[in-house]
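Here's the structure we're looking at; comments come further down.
The values are calculated or read from the model by the stated rules, or taken from the named source; none is laboratory data. As the structure is a prediction and not an experimental result, all values here were calculated from the model. Don't worry about glycine lacking a Cβ; one is built from the backbone with ideal geometry, like all the others, and counts go over all protein chains shown.
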Amino acid sequence: MGQKGTATRVRILAAAQELIETGGYFSAGLNQVIAVSGAPRGSLYFHFPDGKDQLVGESVRRAGQAMGAAFEGMAESSASVAEFVEGVLRHLGDRLEESGWQKGCPVATVALEMAAASDPLQQACSEVYASWTAALRARLDGRQDADDLAVTILALIEGALLLAKAHRSREPLDRVAGRLATLLR
């Protein structure tokens, strides 16, 4: 694929990701993706021949990788696991608030809406969550309870994001950050 084709594919994925994050799976119709990306209809079908679920699955993976990279940078600059998790919650809270309470987790909406109905989308969401759990587990190296604790931390973060979005308040994120700091020290 040439440079122009790659750029078009990236634009389509970015448009789908934006639509999914702000409105969920059902707001990312193919016509909306084409309109937001400015890509020709034929390009969408060329790059995503298996249709919308392929597009959404790749968008979820792309968002997951981007979030994972941001977390990796935070982990490298954090002195402790507690500081790292606090930084993640602060970053997610900033992102959520700056988006007008629309952009919580880039995976959760698709997981909630489609995991029971679409095996490919369930798999995409599962892969992203598994990669985040593995990254958390790696930060907890040496702890006997690292596997359980990594899942607990991710579940608390996801729950706090959901509550923050519902309440349009950072308070759930701040409370979870405080509890996790205590748990991790």
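Using the structure shown, decide if M67 is modelled with pLDDT under 95, assigned to a helix (DSSP H, G or I), surrounded by 18 or more Cβ atoms within 10 Å (Cβ to Cβ) and out of contact with any Asp or Glu (no Cβ under 8 Å at 6 or more places or on another chain).
On the way: modelled with pLDDT under 95: yes; assigned to a helix (DSSP H, G or I): yes; surrounded by 18 or more Cβ atoms within 10 Å (Cβ to Cβ): yes; out of contact with any Asp or Glu (no Cβ under 8 Å at 6 or more places or on another chain): yes.
Yes, satisfied.
Kindly indicate which of V81, V110 is at pLDDT below 95, surrounded by 18 or more Cβ atoms within 10 Å (Cβ to Cβ) and either in contact with a Ser or Thr (Cβ under 6 Å, 6 or more places away or on another chain) or within 22 Å of L161 (Cα to Cα) (or both).
V81
I'd like the full set of residues that are within 22 Å of R185 (Cβ to Cβ) and within 16 Å of the chain's Cα centre (by Cα), limited to segment 133-156.
Matches in segment 133-156: T133, A135, L136, V151, I153, L154, A155, L156.
Could you grab me the full set of residues in segment 106-141 that are part of a helix (DSSP H, G or I), over 18 Å from L55 (Cα atoms) and in contact (Cβ under 8 Å) with a residue 12 or more places away in the chain?
Y129, S131, W132, T133, A134, A135, L136, R137, R139
Residues of segment 12-50 being over 21 Å from the mean Cα position of the chain (by Cα), outside any helix (DSSP H, G or I) and surrounded by fewer than 19 Cβ atoms within 10 Å (Cβ to Cβ), which ones?
Within segment 12-50, G38, P40, P49, D50 qualify.
Would you check which residues across segment 150-185 are assigned to a loop (DSSP other than H, G, I, E, B) and touching an Asp or Glu at 6+ places or on another chain (Cβ under 7 Å) and list them?
R170
Does segment 132-149 contain at least one residue that is buried (at least 20 other Cβ atoms within 10 Å of the Cβ), touching an Asp or Glu at 6+ places or on another chain (Cβ under 8 Å) and either more than 25 Å from F26 (Cβ to Cβ) or not acidic (D, E) (or both)?
Checking segment 132-149: not a single residue is buried (at least 20 other Cβ atoms within 10 Å of the Cβ), touching an Asp or Glu at 6+ places or on another chain (Cβ under 8 Å) and either more than 25 Å from F26 (Cβ to Cβ) or not acidic (D, E) (or both).
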